[in-house]
1. Take the conditions small (Gly, Ala, Ser), farther than 26 Å from ASP52 by Cα and surrounded by fewer than 20 Cβ atoms within 10 Å (Cβ to Cβ) and apply them to ALA325. Does it pass?
2. Taking GLY107 as meeting all but one of (1) in a loop (DSSP other than H, G, I, E, B); (2) more than 21 Å from GLY271 (Cβ to Cβ); (3) not aromatic (Phe, Trp, Tyr), write down the number of the exception.
3. On the basis of being in contact (Cβ under 8 Å) with a residue 60 or more places away in the chain, more than 21 Å from VAL103 (Cα to Cα) and among the aromatic types (Phe, Trp, Tyr), does TRP230 make the cut?
4. When only residues in the range 118-154 that are of a type in the set (A, V, I, L, M) and part of a loop (DSSP other than H, G, I, E, B) count, which is surrounded by the most Cβ atoms within 10 Å (Cβ to Cβ)?
5. Can you tell me which condition PRO203 does not meet? The list is (1) touching a residue at least 60 places away in the same chain (Cβ under 8 Å); (2) part of a loop (DSSP other than H, G, I, E, B); (3) under 21 Å from the mean Cα position of the chain (by Cα), and all the others hold.
6. Return the residues of the range 329-344 that are part of a helix (DSSP H, G or I) and either at pLDDT below 95 or within 27 Å of the chain's Cα centre (by Cα) (or both); say none if nothing qualifies.
7. Pick from TYR211, TYR221: which is surrounded by 19 or more Cβ atoms within 10 Å (Cβ to Cβ) and under 20 Å from the mean Cα position of the chain (by Cα)?
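The values are calculated or read from the model by the stated rules, or taken from the named source; none is laboratory data. What you see is a predicted model, and the numbers here were worked out from it, not measured in a lab. Every residue, glycine as well, gets a Cβ built from its backbone with ideal geometry; the counts of neighbours run over all protein chains shown.
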Amino acid sequence: MGQHQPITDLATAIRTEAKALGFSAARFAALPEVWAASDRLKTFIDAGFHGDMTWMEDTLERRQHPRNMWAGAQSALVLGYNYGPDSDPLTLLGQTEIANISVYARGDDYHDLIKKKLKQLATWIVSQTGCELKVFVDTAPLMEKPLAALAGLGWQGKHTNLVSREFGSWLFLGVILLDRVLENDTPERDHCGSCTACLDTCPTNAFTGPYQLDARKCLSYLTIETRGPWPEPFRRAMGNRIYGCDDCLAACPWNKFAEATHETKLQMRDGFDGLKLTDLARLDDGEFRALFSKSPIKRIGRASFLRNVNYALGNHFRQTGNTAAQAALENGLKDDSAVVRGSAVWGLKQGLSADAFTALQAQYAHNETDDSVHSEWNGRYD
């Protein structure tokens, strides 16, 4: 590759370049031969806690160690990108008519932003060193959080997510695997102590214990990864959380040291703190795609999104008897998607009297061709 500019302290130079690109933290870890994270992942899969995320099982062997992804890897440069909110993300939970969207999805898709910056940094590193490397951001079967703990960016808290003493729970992670060891930072120790705030606040009791998550009960999994109807108990527990859930992250006391992101692309889009469930429930496919252009929300598709909206709208309807909520849900009974129709049935059942629900059932149920929607019509009325 020709001559490379000699740098006395290459690790420091890389951190400087990373900071110039907007990264909040950059640390190095030599890859261990034996990695405890491998056993924890296998235990998680063996217990079935991954639910419908079959790709985790399919790629288990590749996930178990970074060298299974690339045999030439010797170390990891782990980078954190702050996406801290400018206000408490839990405040929207009390506004049942408003859609509550996870902090990470209120701006542009972080995958695109961070991968671009990682590639810029990788290009610079190669220009200085001639080393071989590979870039990863969330979409590849690589365990970023254990790598981040090994590199000293933070530790995996009792909610299984990374916690930083500087940035709390609000760090996106990116990884560059390198074919050499440039520096080896000190791993961060666990600072959770006796605190159980993250476990106690979970609305669906998704934690089987400290550091143990059953994803099948997690609202982030249910709102994003599942495609059909949800189990009944979680529909009411979701409240107005229609995409992801921040409760365990936001409850962490270490967030008192966090600061709001300065990256405009990750900040909340105009109006996203006031999206009405009744408006969202009426989105057609074109409107859905336009509203969530460049957003990670678009990836789950309109049907799954409207299912989430209708469940949340049902919760609002149950509490308020709002006629606009009823009208939006009734509109969903005519949708082309069975999962949208079924969620609309459930939502209406939450706020209608038994007689009013029976009247709607007589009007719509006899034309229904999908068994899952029939199950919603004929399920227990409470």
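1. no
2. (2)
3. Judged against the criteria, TRP230 is a match.
4. In this case the residue turns out to be LEU153.
5. (1)
6. First, pick out the residues of the range 329-344 that are part of a helix (DSSP H, G or I): 329-332, 338-344.
Hits for the range 329-344 are LEU329, GLY332, ALA338, VAL339, VAL340, ARG341, GLY342, SER343, ALA344.
7. Values: TYR211 fails: surrounded by 19 or more Cβ atoms within 10 Å (Cβ to Cβ).
So the residue among TYR211, TYR221 that is surrounded by 19 or more Cβ atoms within 10 Å (Cβ to Cβ) and under 20 Å from the mean Cα position of the chain (by Cα) is TYR221.
Yes or no, residue by residue, for (1) more than 25 Å from ASN205 (Cα to Cα); (2) at pLDDT 85 or above; (3) in contact with a helix residue (DSSP H, G or I) (Cβ under 8 Å, 6 or more places away or on another chain):
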position	(1), (2), (3)
LEU10	yes, yes, yes
LYS19	yes, yes, no
ALA30	yes, yes, no
ALA37	no, no, yes
GLU57	no, no, yes
ARG63	yes, no, yes
ALA71	yes, yes, no
SER75	yes, yes, no
